[in-house]
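Right, one structure below, let's go through it.
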Amino acid sequence: MSETGQAQPPPSGGPGLPQVRRLVTAVPGPRSVELAERRSRAVARGVGETLPVYVAAAGGGVLVDVDGNSLIDFGSGIAVVNVGNAADSVVDNVRAQAGLFTHTCFMVTPYEGYVAVCEELARLTPGRHEKRSALFNSGAEAVENAVKIARAHTGRSAVVAFSHAYHGRTNLTMALTAKSMPYKHSFGPFAPEIYRMPMAYPYRWPGGPAACGEQAAAQVVETITAEIGAENVAALVIEPIQGEGGFIVPGTGFLPRLAEFCAASGIVFVADEVQTGFARTGDMFACEHEGVVPDLIVTAKGIAGGLPLAAVTGRAEIMDSPHVGGLGGTYGGNPLACAAALGAIATIERENLTGRARHIERLALPRLLALRDRYSFVGDVRGRGAMLALELVADPAEGAPPGPPAPDRMVTVAAAAEAHRRGLVLLTAGTWGNVLRLLPPLVIPDNLLLEGLDILDEVFAHLAGHHPRA
């Protein structure tokens, strides 16, 4: 049950913040409503929002809004604050760095923090080969630079992406992204020489989940060979677990077979680990689960505990292909962000957050599977570590093929809205908008995690108690 009481001035954020759900007003409360009105007059309409509460402090597994409500956080700023908001090592490092200098531009007068982050990335990312890194500001920027690097290395132009993929909102990464609304609609024309292949989507694969990985990989290899020509492909870009596309975990063997094909064909295999990286899935990087060693790995989100930083890390001979001056940017590898990244990495290792992600899966997955068994509109439960999801479907008959997704978006939106009203921050996803995704901070206390799952159970009972599975 939530605590109740009078709104108080928000305490300092970080791990010392009380780890309780507390509702003292409606969600959103009056101060958040006031700020929303100010937002409507000052912020461009195209910038969306999930939940119109305005945050005053955050830490551990909670967000405290300006009205004093303390909400359980199952979003982590979209898998960014894996180490928790305002983690001690992150804050201490940033505070110390801010007192020294906040910017010089690494391309003008460099500094040790950038080098140290690249050294850590070489140590942590899969493979024992010699590596280099380049730092950027966002996941989209890093993906775009990975493609630039692959094209420079191979002298080829074609790039392969996948159905349900999400890689960003720049022009090139919009072309790589599969979903039209809201990411691509009305923003074209897009970058050319992008080719889309089928994703190994076990729940919806016509040949069934067991055959999905092998069959999908064979189809991809055949299509690339026959319709594009492997000799024309610079890079294959794939999320080891798709994020915005619906937390799709590809069928077993799919990623290793693609990596093998790329190696034999001179194609640069690019793992987009922007959402899956830095302990989120129970490994430091999701491609490690099947022993895949990418040529290039793209990271962002969880790398720096909430500060904007991204990276491309990969084989030295590939990373060194672009000419001097061909990579970079004014703010890439900002010293404050680099200091934060070193603090976040230290926290992940010191607190064994990869193990913590696996523990979250052990606690949460049985509860989500129970929801699938209880409610016929829960078609699939999937994910790994602290990256879990439920796909809602159109109430299929027992034993029938997966239900059609088209009508389900409204159910998903209603479920998320009801969760928000009860004090649980919950995100949606999926090509059809019919997936609820769970991304709690890896430092969330067990009791708060379980309370959030209780709320989810209550939400489903509230919305669909008249449709229990017999």
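The values are calculated or read from the model by the stated rules, or taken from the named source; none is laboratory data. What you see is a predicted model, and the numbers here were worked out from it, not measured in a lab. Cβ placement follows ideal geometry from the backbone for every residue including glycine, while neighbour counts extend to all protein chains displayed. To get the accessible areas, we keep the full protein, side chains included, count just its heavy atoms, and leave off ligands, DNA and RNA. Shrake-Rupley method; radii C 1.70, N 1.55, O 1.52, S 1.80 Å.
The condition of being more than 21 Å from Gly139 (Cβ to Cβ), part of a loop (DSSP other than H, G, I, E, B), in contact with a helix residue (DSSP H, G or I) (Cβ under 9 Å, 6 or more places away or on another chain) and not β-branched (Val, Ile, Thr) holds for only one of Gly251, Gly282, that being Gly251. Within the stretch 408-428, the set of residues being over 19 Å from the mean Cα position of the chain (by Cα) and open to solvent by 10 Å² or more (accessible area, probe 1.4 Å) comprises Arg409, Met410, Val411, Val413, Ala414, Ala417, Glu418, His420, Arg421, Arg422.
Just to verify a result, which residue in the stretch 66-79, among those that are at negative phi and part of a loop (DSSP other than H, G, I, E, B), is most open to solvent (accessible area, probe 1.4 Å)? Let's see the steps before the verdict.
Applying the first criterion (at negative phi) to the stretch 66-79 yields 66-67, 69-75.
This time we only want the ones that are part of a loop (DSSP other than H, G, I, E, B), so: 66-67, 69, 74-75.
On the way: Val66: 28, Asp67: 10, Asn69: 0, Phe74: 1, Gly75: 4 Å².
So the residue we want is Val66.
The condition (being of a type in the set (S, T, N, Q), under 22 Å from Leu258 (Cβ atoms) and touching a helix residue (DSSP H, G or I) at 6+ places or on another chain (Cβ under 6 Å)) is satisfied by just one residue among Thr173, Thr125, Thr154: Thr173. The number of residues in the stretch 80-128 being of a type in the set (S, T, N, Q), in a loop (DSSP other than H, G, I, E, B) and surrounded by 14 or more Cβ atoms within 10 Å (Cβ to Cβ) comes to 3.
Would you point out the residue of the stretch 129-153, among those that are surrounded by 17 or more Cβ atoms within 10 Å (Cβ to Cβ) and among the charged types (D, E, K, R), that is nearest to Tyr331 (Cα to Cα)?
Going through the stretch 129-153, the residues surrounded by 17 or more Cβ atoms within 10 Å (Cβ to Cβ) turn out to be 131-153.
Restricting the remaining residues to those that are among the charged types (D, E, K, R) gives 131-132, 141, 144, 148, 151.
Values: Lys131: 22, Arg132: 19, Glu141: 12, Glu144: 16, Lys148: 19, Arg151: 24 Å.
Among them, the one singled out is Glu141.
Scan the stretch 306-357 for residues that are small (Gly, Ala, Ser), assigned to a loop (DSSP other than H, G, I, E, B) and over 17 Å from the mean Cα position of the chain (by Cα) and the total you get is 7.
Here is the figure for the stretch 438-466: residues that are touching a strand residue (DSSP E or B) at 6+ places or on another chain (Cβ under 8 Å) and not in a helix (DSSP H, G or I) total 5. Scanning the stretch 27-51 for residues that are open to solvent by 30 Å² or more (accessible area, probe 1.4 Å), farther than 26 Å from Ala87 by Cβ and either among the polar types (S, T, N, Q) or assigned to a loop (DSSP other than H, G, I, E, B) (or both) yields Pro28, Ser40, Val43, Ala44, Arg45, Gly46, Val47, Gly48. Only one of the listed residues (Ala259, Ala310) is among the aliphatic types (A, V, I, L, M) and free of Cβ contacts under 8 Å to residues at least 60 places away in the same chain. That residue is Ala259.
Count, please, the residues in the stretch 155-183 that happen to be open to solvent by less than 40 Å² (accessible area, probe 1.4 Å) and touching a Phe, Trp or Tyr at 6+ places or on another chain (Cβ under 9 Å). Before you say what the answer is, go through the steps one by one.
First, pick out the residues of the stretch 155-183 that are open to solvent by less than 40 Å² (accessible area, probe 1.4 Å): 158-165, 167-168, 172-179, 183.
Retained after the next criterion (residues that are touching a Phe, Trp or Tyr at 6+ places or on another chain (Cβ under 9 Å)): 158-161, 163-164, 168, 172-179, 183.
Result for the stretch 155-183: 16.
The residues in the stretch 285-305 that are in a loop (DSSP other than H, G, I, E, B) and either modelled with pLDDT under 95 or within 17 Å of Gly113 (Cα to Cα) (or both) can be counted, and the count is 2.
Yes/no matrix, rows are residues, columns are (1) free of Cβ contacts under 8 Å to residues at least 12 places away in the same chain; (2) closer than 24 Å to Gly243 by Cα:
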residue	(1), (2)
Val20	no, no
Pro52	no, yes
Val90	no, no
Phe101	no, no
Cys105	no, no
Thr109	yes, no
Ala116	no, no
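Among the residues of the stretch 372-393, none is identified as surrounded by 21 or more Cβ atoms within 10 Å (Cβ to Cβ) and in a helix (DSSP H, G or I).
In this structure, is Leu390 within 20 Å of the chain's Cα centre (by Cα), more than 25 Å from Asn85 (Cα to Cα) and modelled with pLDDT of 95 or more? Even if it seems obvious, please write down each step before you answer.
Values: within 20 Å of the chain's Cα centre (by Cα): yes; more than 25 Å from Asn85 (Cα to Cα): yes; modelled with pLDDT of 95 or more: yes.
Considered against the rule, which asks whether it is within 20 Å of the chain's Cα centre (by Cα), more than 25 Å from Asn85 (Cα to Cα) and modelled with pLDDT of 95 or more, Leu390 comes out as yes.
Within the stretch 1-9, can one find any residue that is over 27 Å from Leu436 (Cβ atoms), in contact with an Asp or Glu (Cβ under 9 Å, 6 or more places away or on another chain) and modelled with pLDDT of 95 or more?
Initially, the stretch 1-9 is screened for residues over 27 Å from Leu436 (Cβ atoms), giving 5-9.
Narrowing further to those that are in contact with an Asp or Glu (Cβ under 9 Å, 6 or more places away or on another chain): 7.
Then drop every residue that is not modelled with pLDDT of 95 or more, which leaves none.
Checked the stretch 1-9: no residue is over 27 Å from Leu436 (Cβ atoms), in contact with an Asp or Glu (Cβ under 9 Å, 6 or more places away or on another chain) and modelled with pLDDT of 95 or more.
Taking the criterion of being among the acidic types (Asp, Glu) and either open to solvent by 10 Å² or more (accessible area, probe 1.4 Å) or within 30 Å of Gly326 (Cα to Cα) (or both), would at least one residue in the stretch 57-65 satisfy it? Within the stretch 57-65, not a single residue is among the acidic types (Asp, Glu) and either open to solvent by 10 Å² or more (accessible area, probe 1.4 Å) or within 30 Å of Gly326 (Cα to Cα) (or both). Please indicate, with yes or no, whether at least one residue in the stretch 235-248 is in contact with a helix residue (DSSP H, G or I) (Cβ under 8 Å, 6 or more places away or on another chain) and open to solvent by 20 Å² or more (accessible area, probe 1.4 Å). No: the stretch 235-248 contains no residue that is in contact with a helix residue (DSSP H, G or I) (Cβ under 8 Å, 6 or more places away or on another chain) and open to solvent by 20 Å² or more (accessible area, probe 1.4 Å). How about the stretch 129-177: which of its residues are under 14 Å from Ala310 (Cβ atoms) and outside any helix (DSSP H, G or I)? Passing the criteria: Ser133, Ala134, Leu135, Phe136, Asn137, Ser138, His167, Gly168, Arg169, Thr170.
Note on the stretch 203-219: residues that are in contact (Cβ under 8 Å) with a residue 40 or more places away in the chain and either touching a strand residue (DSSP E or B) at 6+ places or on another chain (Cβ under 8 Å) or over 15 Å from Thr252 (Cβ atoms) (or both) total 2.
Tell me whether the stretch 184-196 contains one or more residues that are part of a loop (DSSP other than H, G, I, E, B), open to solvent by 20 Å² or more (accessible area, probe 1.4 Å) and closer than 13 Å to Gly245 by Cα. Reasoning before the result, please.
Pass one, the stretch 184-196, residues part of a loop (DSSP other than H, G, I, E, B): 184-193.
Next cut, open to solvent by 20 Å² or more (accessible area, probe 1.4 Å) only: 184-193.
Then drop every residue that is not closer than 13 Å to Gly245 by Cα, which leaves none.
No, every residue in the stretch 184-196 fails to be part of a loop (DSSP other than H, G, I, E, B), open to solvent by 20 Å² or more (accessible area, probe 1.4 Å) and closer than 13 Å to Gly245 by Cα.
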